[in-house]
Structure formats: C-alpha cells, structure tokens
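Colleague: To start, I am sharing the structure in question, which I have written as structure tokens.
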Amino acid sequence: MDLINNVVDLNNFLSKHKSKSIGFVPTMGALHLGHLSLIDFARSQSDIVIASIYINPTQFNDKNDFLKYPQTIEEDIKMLHAKNVDALFLPSQSVMYPNGVDNLPFYNLNDIDIILEGAYRPGHFQGVAAVLNRFIELLYPNFIFLGEKDFQQVIVIETLVQNYFHDKNVNIVKCPTIRNENGLALSSRNKRLSENGLLTASLISKYVSNSILQIDFIKISPKEIEADFKLYLLKNGFEKIDYVCFANPYNFKQLNQWEKDARLFIAVYLENVRLIDNFKIL
Ligand code: AMP
C-alpha cells in the first residue's frame, strides 16, 4: 500500500494506473468494520482502491467535536494494509485547502444542505461539499463509496457531483449501514461511549425493529410514532434529541402522512456524544 501525502506523489500514482478504474473511499479515520465494508465494495467494483484519512475541519460546526474526534492512525494503516488497499491518501490541510479555509466558495446543493441534519449543523454540508470537491478534482475517481449510515451526506455528495461534475465519469455507490451484534450502527464516535453507553445506544435500533417496524402504519401517523419514540429515548437515558423524524429520502422534508420510501432519521445525544442513524421504513 502506497502512503501518499502530497499532490506530486498522488499524480505519479494516478498516472501509473491511468487505464484502470479508480474506487475511492473517503474517511476521517478511527476505522471500524463499517469503513472496511466500503473498502470491500470498492475492491469488488474497481481495479484500484484509494482510501483517504482526513479529519476535515470545515465540516465541524462544533469545535469541541473536532478537537475530540478520535484518531487511531497506526491501527488504521494496519487495517487498510490487510485489506489490500492500493493507496492511502493522507493529505495535510494545505493540500486540501491551498487557499485556506476562510473564503470557501458556496456550493449549490439544491437546499439539501440546510434541511434536517443541515439545519442542526449549519455549514456542515458546505464543508462536506468543499472537501469532496477537492478530492474529486485531485483524483477524478470513477466510483466513490459512501455509507448510508450518513444518508443525507450521500445525497448531498450525489447532488454535488450532479451539479458540478456531471460531464465527468464520477459515480456514487451507496453502501449499507454496518451494525454491531446489538444493532448499534458502527461509528467512530462510538469510541467515546462507555460500556453502558454502548448498551443504551443500541436501544435506538431495538426500538425501531421491535416497535416501529411492527406497527400497522395505516392506523397511526408519523408524528404520533415520533412523539412516542422521543419519550422512550428520553426515559431511557438519552440526554437530548435534535430530531427523530420520518422524512422523504430525496428532499428530506418531514412527513405528516405516510408516503413510499419514508425513512426515519435520528440525531440524539448520549454521554455528550452526538449519534445519528436512519432506517428505511416503507
Ligand atoms: P467517516 O469516517 O465517519 O467520515 O465515514 C467515512 C465513510 O464511512 C462515510 O461514507 C460513512 O457513511 C461510512 N460509514 C461510517 N459508519 C458506517 C457504518 N456503520 N456502515 C457503513 N458505512 C459507514
């Protein structure tokens, strides 16, 4: 596995593999089996697999979250090496933001960046768009593998590609959420939870499978289920809820009545850690 941290080495690597398809897996490190599943998809669908580890400062609207973001670079390198990744791109801030981070362009993301998760994390998706825009310009990957764990992020990046790279052969591949044996979606931020916190966090998916997915949806409205779920979470140790809501998975508007493809989106706080998850419902 090549370790690359500058543009010259990256271009040399890319020109060596010019005729091959490139699969790209962007990450912020602290890797877990969710990330590795993206590597497996990339391996099976592209000739060359490039992963990146870069904790992107512009997508953190909370400075503390950025400062506390877990870093396990030695272990990450071992895991990627064991997965036969061809190159690990580890860029510095000056490689990603050669003109600094203060006057970034505005990306038109069809307003998906300001709704739901975007409304609770102002500027977050503009930061995601900025970093992905730079990665795409540097790599022009044929495929970018992204996890549905961050469902709205996938649609934001798909929109970025449609709006800014429609004439390039860049394809987004959505990969399913990987969960632990208790149903908890794997996340780098789970590393900041206590053992007890991990058990509490798994109540999210338990409630969805044991209660919500058993409901006769004709008899009860989205808003009623949301209210019951919020009460359940607050009673069971979650400290704060940003949102628990059924929404349309293309425009992220909240649902007042059921419609096809309804998806449940959740953002909650536990032990001061913000956890997000989502589930296909209909
Ligand atoms: P992150 O390092 O959190 O920025 O995530 C890098 C990529 O891994 C993103 O496309 C995430 O959606 C994806 N990812 C994170 N957790 C999971 C998971 N549990 N299952 C599948 N993909 C995931």
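Colleague: Looking only at the stretch 97-149, count every residue that is within 29 Å of His17 (Cβ to Cβ), aliphatic (A, V, I, L, M) and within 16 Å of the ligand (Cβ to nearest atom) and tell me the total.
Modeller: Selection size over the stretch 97-149: 9.
Colleague: Separate question: Inside the stretch 112-170, can you point out the residues that are among the small types (Gly, Ala, Ser) and surrounded by fewer than 19 Cβ atoms within 10 Å (Cβ to Cβ)?
Modeller: Ala119, Gly123
Colleague: Here is a check on your reading of the model: is Ser202 closer than 30 Å to Lys63 by Cβ and under 23 Å from the mean Cα position of the chain (by Cα)?
Modeller: Against the criterion (closer than 30 Å to Lys63 by Cβ and under 23 Å from the mean Cα position of the chain (by Cα)), Ser202 qualifies.
Colleague: Continuing with the same structure: Do any residues in the stretch 209-232 that are surrounded by 12 or more Cβ atoms within 10 Å (Cβ to Cβ) have Cβ atoms under 6 Å from those of residues that are of a type outside the set (A, V, I, L, M) and not in a helix (DSSP H, G or I), where the two are at least six apart or on different chains, and which pairs are they?
Modeller: Phe217/Trp258; Pro222/Phe246; Glu226/Cys245
Yes or no, residue by residue, for (1) closer than 18 Å to Phe145 by Cα; (2) more than 9 Å from the ligand (Cβ to nearest atom):
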position: His17; (1), (2): no, yes
position: Lys20; (1), (2): yes, yes
position: Pro26; (1), (2): yes, no
position: Gly34; (1), (2): yes, no
position: Ala42; (1), (2): yes, yes
position: Ser52; (1), (2): yes, yes
position: Asn56; (1), (2): yes, no
position: Asp62; (1), (2): no, yes
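Colleague: Any idea how many residues of the stretch 150-160 are of a type in the set (Asp, Glu) and more than 10 Å from the ligand (Cβ to nearest atom)?
Modeller: Qualifying residue count for the region: 1.
No lab work stands behind these numbers, since they all come straight from the coordinates. Bear in mind that the values here come from a model prediction, so they are computed numbers and not experimental data. Reconstructed Cβ throughout: ideal geometry from the backbone, glycine too, with neighbour counts over all protein chains shown.
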